[in-house]
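The values are calculated or read from the model by the stated rules, or taken from the named source; none is laboratory data. Just so it is clear, the structure is predicted and the values come from calculations on it, not from any experiment. When we count neighbours, we look across all protein chains shown, and the Cβ atoms used for this are built from the backbone with ideal geometry, even at glycine. These accessible areas exclude ligands, DNA and RNA; they are computed on the full protein's heavy atoms, side chains included. Shrake-Rupley method; radii C 1.70, N 1.55, O 1.52, S 1.80 Å.
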Amino acid sequence: MSHAWSQNLLYLALLLSLAYPVGTYMARVLEGERTFLHPILRPLERGLYRLMGIHEGEDMGWKAYAWSITLIKLLGLAAVFLLMKTQAALPLNPEHQADVATGLSINTAVSFITNTNWQAYSGETTLSYLTQMLGLTVQNFISAATGIAVLAALIRGITRRSATGLGNAWVDLVRSTLYIFLPLSFVLALFLVSQGVIQNLSSYLHTSGGQVLAMGPAASQAAIKMLGTNGGGFFGANAAHPFENSSPLSNFIQILSILLIPAALCVTFGHMVKDRRQGWALLAAMTVMFVGALAVCTQAEVNGNPALDRLGVNQVASVDQPGGNMEGKELRFGPGGSALWATATTAASSGSVNAMHDSFTPLGGLVPMWLMQLGEVVFGGVGSGLYGMLMFALVAVFIGGLMVGRTPEYLGKKVEAFEMKMASIAILLPCAAALIGTAISVLVPAAVASVSNPGPHGFSQILYAWSSASNNNGSAFAGLNANTPFYNDGLAVAMLLGRFGVIWPVLAVAGSLVKKKHTPEGLGTLPTHTPLFVGVLIGVVLLVGALTFIPALALGPVAEHLTLRSIR
Amino acid sequence: MNLQLRPALVAFIALSAITGLAYPLGVTGLAQAAFPHQAGGSLIRRDGQVIGSEWIGQSFTAPRDFWGRPSATVDAQGRPLPYNGANSGGSNLAPSSPDLRKVVQDRIAALRAADPDAANPIPVDLVTASGSGLDPHISPASASYQAHRVAKARGLDEAKVRELIAAHTEGPQLGMLGEARVNVLKLNLALDEVPAK
């Protein structure tokens, strides 16, 4: 019997029980309350503010907030690009990796500042240790911290009344980095090393038998890559590489760290709006969708590939073998540990992989693709998942309001035409980018030439790439040769749209909500903490996702699934 | 509007120094102190020479050795080079791909040819490529499938070989995480220590 199901249950239990303490802690950090780390980190924090020339209490309007976030990302873009273009002449490059081509450098820089971490590069053959550390690791921290900062601003937009300020972007960035990501990453990195993940600055090792072993500071990057839902691997094979994800326990803890902060942020939300039930309702909606997706993906991968059954291969799980669909999977994780990772990494906007999604069964591969297409709101990226889900919540109360013919409100704030316009942009822009990008690709011969698998699966490869980039996920059906001018440039545009095309409207909503008065609850108010609302919210998310993407999914994974059983 | 240039520049440089230098170098220092073996790659040495890592599989093709899982890694020119520890990756073949069926059929034929006596169906992990191309493990079933061939080629008792497999089988971690597995490199090294009959 495969351990897949008991492992899944243990995972859900641990995730939900850790969400409460971590979520409460993050709320204290974002509200500037004292934490147990203050004796160590507070002096550093104050020193930073003094150097920056800012005052903690100084509030920003939504435009200044959005501009600050955009500005630090532009600096990151320039820094990563320059590091990649000059790494040959810089230190910490024992393998003498050459400067990276311009197209790939732009694509990688965009992908890391947008929290996408699309891997058109392959770490061990392309990047110096300095680029990995000072370029990619830094962006892993900053892009994750900006996600939390934007969420904090949106929450303040909901809770503050007749105000203009949404908090200070720099304070939110610095606090998220210092008090949340840095300590968690430090502990996780050391734990991963104890399990066999490497952490050194040595040059590659040559064994007596002639094998070359790639080396490097992998654990420190793997830790933040998981916690920040970044996902860009130190190695080409990402977390399938034994030096980046060694034991089954390291695998389990890494999957836990994908969803830990996104799930806990729901608790943070409830804490900050002073109504815990509101946070639990959002967490419940996310969990229900996650469990459904996980069940489908696990079952599909454990069942194996019907095309191989006929060749006399044994795919039945037993105590002696994992069985199932093992192409592209690591034995120590098996189909269960791989399906759990695939579901979590695409529910969140992580995009890290411990198995090759391209080789998943059609239905097993449909699940990650659809989770991305839902807009990365089933847990989603750190901060970005919850602010995306809050846009859906606004749409849900709006639809509820239409049904009873009353101006809808969410947590005491009236939801009016401006909020609905912005929420629609934030929800639909990534969908449009994904579908239009796919449509253009199938018409451009140079784009079709990158496809590596024939038939419907080739279409799936293209659809997956655009869905991943537009929703800032970063995982891939990696057989698609994406390191071409068409995909490097096109996907970079999609990633920028998917990040800034959502952040700006979300902050505009925050800026509009913060000005409004508090509307007391009335008879016509739709309560937003009840199972009924959870159901409506799930319905809205699934409906938008289904109406937008089912035709495209029918041409790819669904068609492949239907033909697979007739292959001989 | 305040341009926010100074806070942006200072924040970027300071956070880069903290998260891009102090953090990874700090982790490196502590890891080297607390877990030097793991941090350096869990290397296996014989007579002072590094012969491999317990976490990185190697290409074994002789009948007297246990074979690992197929590997789809390539060299710098894109030519097949199984278990290339400097360029990880999988085949990315789709489940519906004719190439996947062809390559699995070839692997089945090779296994059958190496041991015509083995009649059991072949465990799936022995004919499918791993995601990293560096998988150090095979399933206990895949080891068991090869026991007869290895014993014959080495002139050993099959029972002795199976005993070694059992000794090198690890169960799921903490009883429920991951899968039961056998480390191929360690098993072959242990076999080398056994004198022939």
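Between amide H atoms placed 1.01 Å from N, distances below 5 Å from A:Asn117 occur with A:Phe112, all of them 5 or more places distant or on a separate chain. With the gyration tensor restricted to C-alpha atoms of the stretch B:42-192, the semi-axes of the equivalent ellipsoid amount to 23, 20, 16 Å, longest first.
Residues A:Val493, A:Val319, ordered by accessible area of protein heavy atoms at a 1.4 angstrom probe radius and largest first, appear as A:Val319, A:Val493. Which residue, B:Gly48, B:Gly131, B:Gly68, has the most motion in a Gaussian network model of chain B that connects Cα atoms within less than 10 Å? The residue that fluctuates most here is B:Gly48.
Ranking A:His561, B:His37, A:His38 from most to least accessible surface, computed with a 1.4 Å probe over the protein chains only, gives B:His37, A:His561, A:His38. Phi angles across the stretch A:278-288 convert, under the Karplus curve 6.51 cos²θ - 1.76 cosθ + 1.60 with θ = phi - 60°, into 3J(HN,Hα) values of 5, x, 4, 4, 5, 4, 5, 4, 4, 5, 4 Hz, Gly and Pro given as x. When the pairs A:Lys73/A:Lys413; A:Lys225/A:Lys329; A:Lys274/A:Lys413; A:Lys73/A:Lys329; A:Lys225/B:Lys186 are compared against a 23 Å limit on Cα-Cα distance, A:Lys73/A:Lys413; A:Lys73/A:Lys329; A:Lys225/B:Lys186 fall above it. Convex hull volume of the Cα atoms of the protein assembly as shown, normalised per residue: 143 Å³.
On full extension, the segment bounded by A:Ala432 and A:Glu521 gains 28.4 nm, given 0.36 nm per residue less the C-alpha separation. Of the residues A:Ala78, A:Ile427, B:Val182, the one whose Cα sits farthest toward the positive end of the charge dipole of the protein assembly as shown, with +1 on the Cβ of Lys and Arg and -1 on the Cβ of Asp and Glu, is A:Ile427. Residues in the stretch A:63-77 carry Karplus couplings, in order, of 6, 5, 4, 5, 5, 4, 4, 5, 5, 5, 6, 5, 4, x, 4 Hz; the curve used is 6.51 cos²θ - 1.76 cosθ + 1.60 with θ = phi - 60°, and Gly or Pro positions show x. Highest mean packing comes first when the peptides A:129-139, A:303-313 are listed by Cβ atoms within 10 Å, giving A:129-139, A:303-313. Residues whose amide H lies under 5 Å from that of A:Lys414, counting only those 5 or more places away or on a different chain, are A:Thr519; hydrogens are built 1.01 Å from N in the peptide plane.
Amide H contacts of B:Ser53 (H built 1.01 Å from N, in plane; Pro and chain starts excluded): B:Ile44 sit under 5 Å, all sequence-distant by 5 or more or on other chains.
With R₀ set to 35 Å, the beta-carbon distance separating B:Ile51 from B:Leu174 gives a calculated FRET efficiency near 0.70.
Rolling a 1.4 Å probe over the protein heavy atoms leaves A:Arg34 with an accessible area of roughly 150 Å². As a rough guide to protection, the peptides A:452-462, B:137-147, A:356-366, A:83-93 ranked by mean Cβ packing within 10 Å, highest first, stand as A:356-366, B:137-147, A:452-462, A:83-93. For the stretch A:117-127, what does the Karplus curve 6.51 cos²θ - 1.76 cosθ + 1.60, with θ = phi - 60°, yield as ³J(HN,Hα) per residue in whole Hz, taken in order and with x for Gly and Pro? Values, residue by residue: 6, 5, 9, 7, 8, 10, x, 6, 9, 10, 10 Hz. Across all directions of projection, what mean area in square nanometres is found for the Cα convex hull of the stretch A:165-222? Taking the Cα atoms of the stretch A:165-222, their convex hull projects to 5.4 nm² on average.
Legend: mean number of C-beta atoms from other chains within 10 angstrom of residue C-beta atoms, peptide B:46-54, equals 4.
Rounded to the nearest 500, the 222 nm mean residue ellipticity of the protein assembly as shown from helices alone is -18000 deg cm²/dmol, with -39,500 (n - 2.57) taken per DSSP H run of at least 4 residues.
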